[in-house]
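A.B. asks: What follows is a structure written as structure tokens; I'll ask about it next.
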Amino acid sequence: MSDKAFVRREIIDEQTPPLTAFGLVGWLRENLFSNWLNAILTFISLYFIWYVLSGVVPWIFLSVWNAGSLSECREIAIETWGDSHGHACWAVINDRWIQLLFGFYPSELYWRPILAFILLLISLAPVLFTGAPKKIFYLTAVYPFLLPWLMWGGSVWVSVSALLGFAVGYAIIRYTSEIVGQLGSVILSIIGAVVWWLYIGPILLSQGIGTILPLALEPVISRDFGGFMLALLIGVVAIGCSLPIGIVLALGRQSDLLILKTISVWFIEFIRGVPLITLLFVASTLLNIFMPPGTNFDIILRVMIMVTLFASAYMAEVIRGGLAALPRGQFEGADSLGLNYWQAQRLIIMPQALKISIPGIVSTFIGVFKDTTLVSIIGLMDPLGLSQGIRANAEWNGIYWELFAFIAFLFFIVCFLMSRYSMYLERKLQTDHR
């Protein structure tokens, strides 16, 4: 063993790293050209990106915006660029964008869906953001009844009667739960609300106060609804209603009550096993058969019910996954505090389960919103249905990509915003730290 050793006696001055190790050059060397295989893949990728962009960018920006027909578009493109191919004809969007947004809704009443959309954003503010004023919750509670009145018009007392029906049900639960128990009070509240909606409300408000103080908007039939407004309307209602129904179904599936558990399991399994388009056909053709004779059940309302039930089954499974991920100690902790079932679910169990399930919930919401395009198959004029009508017109016959690109852009905006909000909520709640 050698007895010689080397020990440095002076400190070397700090030196700057080589230019190839930091900055843009360093990032390129580390991420794109770290070895010969990555370098080849980088050049292939760059060539592919250039190939796609060299066709897409001129198609988008070297386009025609003002024309009365597709043939006129092509003539303008030939005069300008000398080639009728490879240039978009955005003139169809410039000519029909209002129709793609509102369908056949009366133009003098456009202010109503616009106002409903603005009120929707305001009413969602306290639900989505904790910093919003709490007084807006009053608008949030009233908005589900204000929306149909603005969209369909008619007497305001119909919406007021529907709202008071829920108030009657809540009052029965509040004042009878200690007398007949929780389950009995729930049953009585449902019976009381139904009696109000079918008998007392229509007589007292629609035929009583409604004749003395007739507050009404001009009615709009459902067949005039269409475009992106229709997709947004069905999507918002389905998303808003599927979450509470999914929570109830998830709790029902984990319940110890045999009948409730059986109903929840069969409902979820049946709905998940049936394609959505089948349910839409049922809503379009068969649902009226089971209604009393003379009943006029609105087609859009039927579609909303079916889409909501379809989304609720998937939502129930997402939330059940969140409940299953909770440690058993959370349930035992709630029991040790002396909380009853509903208090434990509301204060301890469900907030944590929803927090865990945020990615799955938002993914279900996005899927439901995109599935609203299927209503075109049963004759409702959503954006895809309207695009077929526009292409059937002699002026725009033969145009495809521009219409589909515009519709895809509209859906992308909404889905992207939902995705970004999901990421914001996950960061805020720190879902990785349970």
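The values are calculated or read from the model by the stated rules, or taken from the named source; none is laboratory data. All figures in this text were calculated on a predicted structure; none of them were measured in a lab. Don't worry about glycine lacking a Cβ; one is built from the backbone with ideal geometry, like all the others, and counts go over all protein chains shown. Please note that ligands, DNA and RNA were not included when accessible areas were found on the heavy atoms of the full protein model with its side chains. Shrake-Rupley method; radii C 1.70, N 1.55, O 1.52, S 1.80 Å.
A.B. asks: Considering the dipole of the stretch 1-123 built from charges on the beta carbon (Lys and Arg +1, Asp and Glu -1) around the Cα centre, which of 46, 64, 35 is farthest to its positive end?
C.D. replies: Highest projection toward the positive end goes to 35.
A.B. asks: Moving to a separate point now. For n ≥ 4 DSSP H runs only, could you compute -39500 (n - 2.57) per run for the chain, divide by its residues and tell me the 222 nm figure to the nearest 500?
C.D. replies: -21500 deg cm²/dmol
A.B. asks: At a 10 angstrom cut-off on C-beta neighbours, averaged per residue, how do the peptides 359-369, 104-114, 324-334 rank from highest to lowest?
C.D. replies: On the way: 359-369: 19.5, 104-114: 14.6, 324-334: 12.5.
By packing density, highest mean first, the sequence is 359-369, 104-114, 324-334.
A.B. asks: In units of 2.2 N^0.38 Å, what is the alpha-carbon radius of gyration of the chain?
C.D. replies: Working: Rg = 29.4 Å, N = 434, 2.2 N^0.38 = 22.1 Å.
Relative to the rule-of-thumb radius for its length, the chain sits at 1.33.
A.B. asks: Could you work out the relative contact order of the stretch 4-93, using alpha carbon pairs under 8 angstrom and six or more residues apart, expressed as a whole percent? Could the numbers behind the result be given before it?
C.D. replies: Working: 60 pairs, mean separation 18.4, N = 90.
It rounds to 20 percent for the stretch 4-93.
A.B. asks: What Cys residues in the chain are without a partner cysteine, judged by a Cβ distance under 4.7 Å?
C.D. replies: 241, 415
A.B. asks: Moving to a separate point now. Averaged per residue, what accessible area in Å² does the stretch 219-283 show with a 1.4 Å probe, protein chains only? Provide the component values of the computation, followed by the final result.
C.D. replies: On the way: 3090 Å² over 65 residues.
Computed with neighbouring chains in place, this is 48 Å² per residue.
A.B. asks: Output the relative contact order of the chain, whole-number percent, from Cα pairs under 8 angstrom with separation of 6+ residues. Please report the intermediate quantities before stating the final value.
C.D. replies: On the way: 421 pairs, mean separation 67.3, N = 434.
About 16 percent, as a whole number.
A.B. asks: Using Cα pairs under 8 angstrom and six or more residues apart, how large is the relative contact order of the stretch 29-141, in percent? Could the numbers behind the result be given before it?
C.D. replies: Numbers: 71 pairs, mean separation 18.4, N = 113.
Computed over the stretch 29-141, the figure is 16 percent.
A.B. asks: Moving on. Keeping every protein chain present and rolling a 1.4 Å probe, give me the accessible area per residue for the stretch 3-59 in Å². Could the numbers behind the result be given before it?
C.D. replies: Working: 5610 Å² over 57 residues.
Accessible area per residue, the stretch 3-59: 98 Å².
A.B. asks: Using alpha carbons only, how many angstrom separate the centre of the stretch 80-144 from the centre of the stretch 364-390?
C.D. replies: Distance between centres, Cα-based: 16 Å.
A.B. asks: What lysines does residue 370 reach when the alpha-carbon gap must be under 30 Å and sequence neighbours fewer than 8 apart in one chain are set aside?
C.D. replies: Result set, ordered by chain and number: 355, 428.
A.B. asks: Take the Cβ-Cβ distance between residue 370 and residue 16 as r, set R0 to 45 Å, and report the resulting FRET efficiency rounded to the nearest 0.05. Walk me through the numbers on the way to the answer.
C.D. replies: On the way: r = 52 Å, r/R0 = 1.16.
Approximately 0.30, to the nearest 0.05.
A.B. asks: Compute the distance in nm between two label points, each set 7 Å from the Cα along the Cα-to-Cβ direction, one at residue 194 and one at residue 343.
C.D. replies: It is 3.2 nm.
A.B. asks: I would also like to ask the following. In the chain, carbon and sulfur make up what percent of the accessible area (probe 1.4 Å)? Don't skip to the answer; put the middle values down first.
C.D. replies: Working: 18250 of 26560 Å².
Here carbon and sulfur together make up 69 percent of the probe-accessible area.
A.B. asks: Turning to a different aspect of this structure: Which ³J(HN,Hα) values in Hz, rounded to whole numbers, follow from the phi angles of the stretch 100-110 under the Karplus curve 6.51 cos²θ - 1.76 cosθ + 1.60, where θ = phi - 60° and Gly and Pro get x?
C.D. replies: 5, 8, 10, x, 9, 4, x, 5, 6, 10, 4
A.B. asks: For residue 107, what is the net charge nearby, where nearby means another residue's Cβ is under 13 Å from its Cβ and Lys, Arg count +1, Asp, Glu -1? Don't jump to the answer; show the numbers that get you there.
C.D. replies: Values: positive: 112; negative: 108, 218, 224.
Result for the local shell: -2.
A.B. asks: Taking a 1.4 Å probe, which of 13, 256, 298 shows the most accessible area, and what order do the others take after it?
C.D. replies: On the way: 13 125, 256 150, 298 45 Å².
Result, largest first: 256, 13, 298.
A.B. asks: Quick one: what are the phi-derived ³J(HN,Hα) couplings along the stretch 299-308, Karplus 6.51/-1.76/1.60 with θ = phi - 60°, whole Hz, x for glycine and proline?
C.D. replies: Going residue by residue, I get 5, 5, 5, 5, 5, 4, 4, 5, 5, 5 Hz, with x marking Gly and Pro.
A.B. asks: Still on this structure, please answer the following. Just to verify a number: what accessible area does residue 257 come out at with the full protein assembly present, 1.4 Å probe, Å² rounded to tens?
C.D. replies: Spelled out: residue 257, probe radius 1.4 Å, area about 100 Å².
A.B. asks: Same structure, new question: With labels modelled as points extended 7 Å from the Cα through the Cβ direction, what inter-label distance (nm, one decimal) is found for residue 394 paired with residue 81?
C.D. replies: Going from the residue 394 label point to the residue 81 one covers 2.9 nm.
A.B. asks: Stretch residue 415-residue 30 to full length: gain in nm at 0.36 nm per residue minus the Cα-Cα span? Provide the component values of the computation, followed by the final result.
C.D. replies: Numbers: separation 385, 0.36 × 385 = 138.60 nm, distance 3.38 nm.
Stretched fully, the residue 415-residue 30 segment lengthens by 135.2 nm.
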